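Peer 1: Structure incoming, see below.
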Amino acid sequence: MKQIAIIGAGTMGRGIAYTCAAAGLSVTVQDIHSHTLETCKEYIDSQFQIAVQKEFLTAEQANAYGQKIKYTTHLQEAAEQADLVIEAVLEVMELKVGIFKQLDKYAPKHAILATNTSTMSPTEIGAQTNRPPQCIALHFFNPVPKMKLIEVICGLETSEETVAKSFQFGETIEKECVRINEFPGFAVSRMNCLIGNEAMKMVMEGVGSIGDIDKAMKLGLNHPMGPLELADLVGLDTRLRNMEYLYKTLGETYRPCPILTKYVKAGRLGRKTGRGFYEYSKQS
Ligand SMILES: NC(=O)c1ccc[n+]([C@@H]2O[C@H](COP(=O)([O-])OP(=O)(O)OC[C@H]3O[C@@H](n4cnc5c(N)ncnc54)[C@H](O)[C@@H]3O)[C@@H](O)[C@H]2O)c1
């Protein structure tokens, strides 16, 4: 697979786009907002600069790879040459289904259509296309350039060929893949959302300060980040959508903590807005 299309240039889309480009693949990034594409390009350029400073890439490589990235607001333009499309728009089923229907129309017959959903059913999304065997979920982790894992989630109709090609793609971009059979929240989100929600409940109950709850998990359980820091990094709006889907599909255990809902209503979405459980300066 040489030509990759990324749909949605937010937190995840830009990270996936950079990771693919840094592996030498041709990438087209699409978003409905041109200002998001500008931010995405700035992010990708800065990641290339860091890679050169750290001597992961030469300046010539970074320049050549950067030139293989195209940015567009047109879905058809992004999809029509793609061998693999990775959708990374908001965690809203109707939105993802609508995009997959269009991708099915515009992407070449051989193309694989993947969703980066954290929780949702690739079977349900793929069923709206004429190519369910070529539909799959490829669940990347944030920040994508640093995180090694891709959960490869097989829907009911996903073919073995699509799974094999997905694993090959993972190898090309130097990620480790695990094969997961579809179930809401897969393996990682199902556990991680619960830990984060429990930490939020503990804040609400006054069990400890935000900093101490995170510190307890880092030093007591050797987690690299505390659950509240991690929720801020994910984006509290994204986390709330994940929790709402898991609550709907898996029941009471996943009822979103009221403090999460309250923060989202206030526009405190975590790092992306400068304030969530913590406050962030523009540089952080
Ligand atoms: N944030 C994380 O840590 C994380 C981790 C793994 C998976 N995910 C999943 O990745 C997906 C994207 O999450 P995110 O955090 O990057 O969200 P985000 O809000 O940062 O970005 C979503 C992007 O989609 C764009 N978009 C919206 N409608 C669109 C459309 N019709 N066509 C094209 N672009 C459109 C938005 O403009 C935005 O730039 C979600 O399904 C989420 O659950 C997120």
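Just so it is clear, none of the values below were taken in a lab; they were calculated from the coordinates. The structure presented is a predicted model; accordingly, all values stated were derived computationally and were not measured. Don't worry about glycine lacking a Cβ; one is built from the backbone with ideal geometry, like all the others, and counts go over all protein chains shown.
Peer 1: Through the Karplus equation 6.51 cos²θ - 1.76 cosθ + 1.60, θ set to phi - 60°, convert the phi angles of the range 10-27 into ³J(HN,Hα) values in whole Hz; use x for Gly and Pro.
Peer 2: x, 3, 7, x, 5, x, 5, 4, 4, 4, 5, 5, 5, 8, x, 7, 7, 10
Peer 1: Taking amide H atoms as placed 1.01 Å from N in the peptide plane, list the residues 5 or more away in sequence, or in a different chain, whose amide H sits under 5 Å from that of Lys70.
Peer 2: When sequence neighbours closer than 5 places are left aside, the close amide H contacts are Val27, Thr28, Val29.
Peer 1: Can you compute the modelled spin-label distance between Ile32 and Glu279, with each label point 7 Å from Cα toward Cβ, in nm?
Peer 2: 3.4
Peer 1: I'd like the FRET efficiency for Asp45 and Met147, computed as 1/(1 + (r/R0)^6) with the beta carbon distance as r and R0 of 22 Å, rounded to 0.05.
Peer 2: 0.60
Peer 1: Quick check on the chain: of the DSSP beta bridges with both residues there, what percent are antiparallel, nearest 5%?
Peer 2: That works out to approximately 15 percent antiparallel.
Peer 1: Test of the criteria: in the range 53-125, which GluC sites (Glu not before Pro) are in a DSSP loop and have at most 13 other Cβ atoms within 10 angstrom of their Cβ?
Peer 2: Glu55
Peer 1: Per residue, how big is the convex hull of the range 3-181 when only Cα atoms are used? Give it in Å³.
Peer 2: Hull volume normalised by residue count: 94 Å³.
Peer 1: OK, next. Given H placed on each backbone N at 1.01 Å, which residues far from Gln3 in sequence or on other chains put an amide H within less than 5 Å of it?
Peer 2: Asp83, Leu84
Peer 1: Something else about it: Below 13 angstrom from the Cβ of Ala51, what's the summed charge of the other residues (Lys, Arg +1; Asp, Glu -1)? Display every interim value, and only then the final one.
Peer 2: Values: positive: Lys54, Lys146; negative: Asp45, Glu55, Glu60, Glu174.
My count for the surroundings of Ala51 gives -2.
Peer 1: Can you pull the percent of Cα pairs in the range 189-273 with separation above 16 Å?
Peer 2: More than 16 Å apart: 48 percent of the Cα pairs in the range 189-273.
Peer 1: With +1 on the Cβ of every Lys and Arg and -1 on the Cβ of every Asp and Glu, and nothing else charged, how large is the dipole of the range 203-284 about its Cα centre, in debye rounded to the nearest 20?
Peer 2: Numbers: 13 positive and 9 negative charges, 67 e Å.
Rounded to the nearest 20 debye, it is 320 debye.
Peer 1: Another question, if that's okay. In degrees from 0 to 90, rounded to the nearest 10, what is the angle of the helix 93-106 Cα long axis to the longest principal axis of the chain?
Peer 2: Computed tilt is about 10 degrees.
Peer 1: Stretched out fully, how many nm does the piece from Thr249 to Lys101 gain, at 0.36 nm a residue minus the Cα gap?
Peer 2: Here the segment from Thr249 to Lys101 would lengthen by 50.9 nm.
Peer 1: Pairs Lys175/Lys218; Lys146/Lys175; Lys2/Lys70: which are spaced more than 20 Å apart, C-alpha to C-alpha? Kindly include the intermediate steps, with their values, before the conclusion.
Peer 2: On the way: Lys175/Lys218 24 Å; Lys146/Lys175 10 Å; Lys2/Lys70 14 Å.
The answer is Lys175/Lys218.
Peer 1: Full extension from Leu156 to Asn181: what is 0.36 nm times the residue separation minus their Cα-Cα distance, to one decimal in nm?
Peer 2: Taking Leu156 through Asn181 to full extension adds about 8.2 nm, to one decimal.
Peer 1: Efficiency by 1/(1 + (r/R0)^6): what FRET value for Lys215 and Lys109, r their Cβ-Cβ distance, R0 = 51 Å, to the nearest 0.05?
Peer 2: Values: r = 53 Å, r/R0 = 1.03.
It comes to 0.45.
Peer 1: Here's another thing I want to ask about it. Given labels modelled 7 Å from the Cα in the Cβ direction, how far is it in nm from Val52 to Thr73?
Peer 2: 3.0
Peer 1: Note down the net charge around Ile99, summing +1 for each Lys or Arg and -1 for each Asp or Glu among other residues with Cβ under 13 Å from its Cβ.
Peer 2: In short, -2.
Peer 1: List the aspartates and glutamates whose Cα lies under 19 Å from the Cα of Lys201, skipping any in the same chain that are fewer than 8 positions away.
Peer 2: Partners within reach: Asp212, Asp214, Glu229, Asp232, Asp237, Glu244, Glu252.
Peer 1: Right, next: Relative to the first principal axis of the alpha-carbon coordinates of the chain, what is the inclination of helix 34-53, with its axis defined by its Cα atoms, in degrees from 0 to 90 and to the nearest 10?
Peer 2: Value to nearest ten degrees: 90.
Peer 1: Counting only trypsin sites (Lys or Arg not before Pro) that sit in a DSSP loop (anything but H, G, I, E, B) with at most 13 other Cβ atoms within 10 Å, what is the longest stretch of the chain containing none of them?
Peer 2: Details: sites that count: Lys2, Lys54, Lys109, Lys146, Lys148, Lys282.
It works out to 149-281.
Peer 1: For the chain, what is the calculated [θ] at 222 nm in deg cm²/dmol (nearest 500), taking -39500 (n - 2.57) for each run of four or more DSSP H residues and dividing by its residue count?
Peer 2: Roughly -15000 deg cm²/dmol at 222 nm, from the helical runs in the chain.
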